[in-house]
1. Within the set of other residues whose C-beta is less than 12 Å from the C-beta of residue 231, count the net charge using Lys and Arg as +1 and Asp and Glu as -1.
2. Provide the gained length on full extension for the span residue 251 to residue 25, in nm with one decimal, where the gain is 0.36 nm per separating residue minus the Cα-Cα distance.
3. For residue 86 and residue 124 in the same chain, what is the full-extension length gain: residue separation times 0.36 nm, less their Cα-Cα distance, in nm?
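What follows draws every value from the coordinates through simple rules; no lab data is involved. In this text the structure is predicted, and so the values were computed from the model without any measurement. Note that each Cβ is placed from the backbone with ideal geometry, even for glycine, and that neighbours are counted across all protein chains shown.
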Amino acid sequence: MKHTAYRVFKKPFFGRFMRPWRWPEGIDRQHWQQLSIASGSGAQLAALLAESPVAAARGAVLLAHPMGTAAKGFWLKHGHAELLRQAGYHVMLFDLNGFGESGSTTMDYPLDVLAAGQALQARYPQLPVAVVGASMGAAMSLCALAQADHPFKAAVAEAAFPTLLHFWRRYPLPRLGIQLSKLVYPAGERRLRPVHAATRLVGRPPLLLIYGEDDIYTPVADGRQLQQAFSAATHTEFWQVAGAGHTLAYEAQPQAYAQRVTAFLDQHLGASA
């Protein structure tokens, strides 16, 4: 009954994105292993894992997807997963609950990130683990950093929103739903606010924030708000990407993205190891 109520509540937010998942066209499946992960949200999460072809892996990276029917396939379709594999990182992709191949339960998406991260750490206990997220996945990853038992030694967040209202302010029905949730279940709404997570950060993982100058959904100003919040808690870097739309920094500047993100991970996961 509880999960049914949540599925109804989710409709105005995510209904158009919750579609049957398809493997991205033209992407080789041979390196990817299918996994199922039990989340604290109550969902069984569908995940894919591929190891780096590099002999001595530097670490392992969890990729948390943005909203969209591609779900975890976003990282395959746009090339992020292969970039990280070739840079020496084992990579795990997963569907947040209700997206892709994962069952739909509650709105506790940070618990999905947490469960996937813990599963990745358990797989490679000798390696440091980082999380890379985009939009919704980035915001929920930042919220997961406030969980006491998260495994992440570094985080890269592209196009993360400071609060749910920042992202949904243009959409009347979702905006109303968020405002109601602040009255009916304020603790739950706070757990989905990255700016709130900044005040409760666990372990001080260094953070790279990425924002596109052409992003109309999570503009640079929203990113600066998060930068200010997280800079008070941990080492925080900010990259403003010219010509990049929402979650499209790698597409806009592939060489700069590859250099900036892999250098950040190499530095901070290397220091952690």
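1. Details: positive: 204, 224; negative: 237.
Every neighbour counted, the sum reads +1.
2. On the way: separation 226, 0.36 × 226 = 81.36 nm, distance 1.75 nm.
That works out to 79.6 nm of additional length.
3. Working: separation 38, 0.36 × 38 = 13.68 nm, distance 1.76 nm.
Working it through step by step, the gained length comes to 11.9 nm.
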